[in-house]
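Comments concern the structure below.
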Amino acid sequence: MPTDPWLNYLVIGAAIVAVVVAAILVRRARPRSGGDHGGASRILERGWQFYFAPTTLEPPGTLFRIDADHRRYIVETLLVEAQVGEEAFGEYTESVTAGLGILARFLGLKGINVNASTAKTEQLVFKLDKPEREVVNDLDLDKVLRPFLKDLDYRVDNRYFVIRECRKATGITHHLTQSQVDDLGGEATLADRLALEGTLFKSERRGEFLLEKNFDQPMRVMFLPEEIKPVGASLARARPELGLVPVSETLIWEEG
């Protein structure tokens, strides 16, 4: 019995549509590839900074200033309650815009002969172990920040910041390229210095290296600040009216 050619076309067309739809669904369900790092990855929103070193200090509500010589000083730690919760990104590698010099400082590599290119910013890839986030909301922060700012001796040649969020972890693994390792002094030098700091340095595959650091307790490793800046002139006072502005750059400083 002859087959209607239009029926054949309909069957073939339906099969093609089914294949295309299935491919789209699979693509949407698949997490974004982490490239050569394996697994899924995400890019942190701009403004996140590494602490000078892993710390149990400087929670949300901490105010600091950076002077004209890029020295950083703690101004005050406001008593404000932060919400704490586990993050779902422990299975992800992440990347943030920062300089290799900041990474060297974070790892405790003082005095290491780093290449001048460590001053430029690039994507640093890392993974946190059991990450937690501490967040302070606007209402709670405003209650203590606004009265403090009214009496702040604001130095116009300094920049002021308040920590809004921070991230804690029980460990961190950095993924470095061959070029980044070379800029940090080379494989041999880096391996020797990191061993003294209790950081494991190993080659995962050709052209990629891992720096693994575990902590005895959860430590704060990153923070998200807002800048305290003049937002208007006060008619009743000589001091400017201060407000909060998002930070999108990588902050550069040395501890005062």
> Between Arg239 and Lys130, what is the label-to-label distance in nm when each label sits 7 Å out along the Cα-to-Cβ direction?
Replying inline: 4.2
> How much length is gained on full extension from Lys229 to Gln123, taking 0.36 nm per residue of separation minus their Cα-Cα distance?
Replying inline: 35.4 nm
>> Using 0.36 nm times the number of residues separating Glu255 and Ile74, minus their current alpha carbon distance, what extension gain do you get?
In response: 64.2 nm
>> As an exercise, use a Förster radius of 51 Å and the Cβ-Cβ distance of Lys150 and Gln178 to find the FRET efficiency, rounded to the nearest 0.05.
In response: 0.45
> Along the Cα-to-Cβ line of Glu187, 7 Å from the Cα, sits a label point; which residues in region 197-214 have backbone N less than 15 Å from it?
Replying inline: 201-211
>> Quick check: residue separation of Ser203 and Asp216 times 0.36 nm, minus the Cα distance between them. What number comes out in nm?
In response: 2.2 nm
> Mind listing the phi-derived Karplus ³J(HN,Hα) values for region 49-58, rounded to whole Hz, using 6.51, -1.76 and 1.60 with θ = phi - 60°, and x for any glycine or proline?
Replying inline: 10, 7, 4, 4, 7, x, 8, 9, 9, 6
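Only the coordinates and a few stated rules stand behind these numbers; no lab work does. Small disclaimer: the values here were computed from a predicted structure and weren't measured. Because the Cβ atoms are built from the backbone with ideal geometry, glycine has one as well, and the counts that use them run over all protein chains shown.
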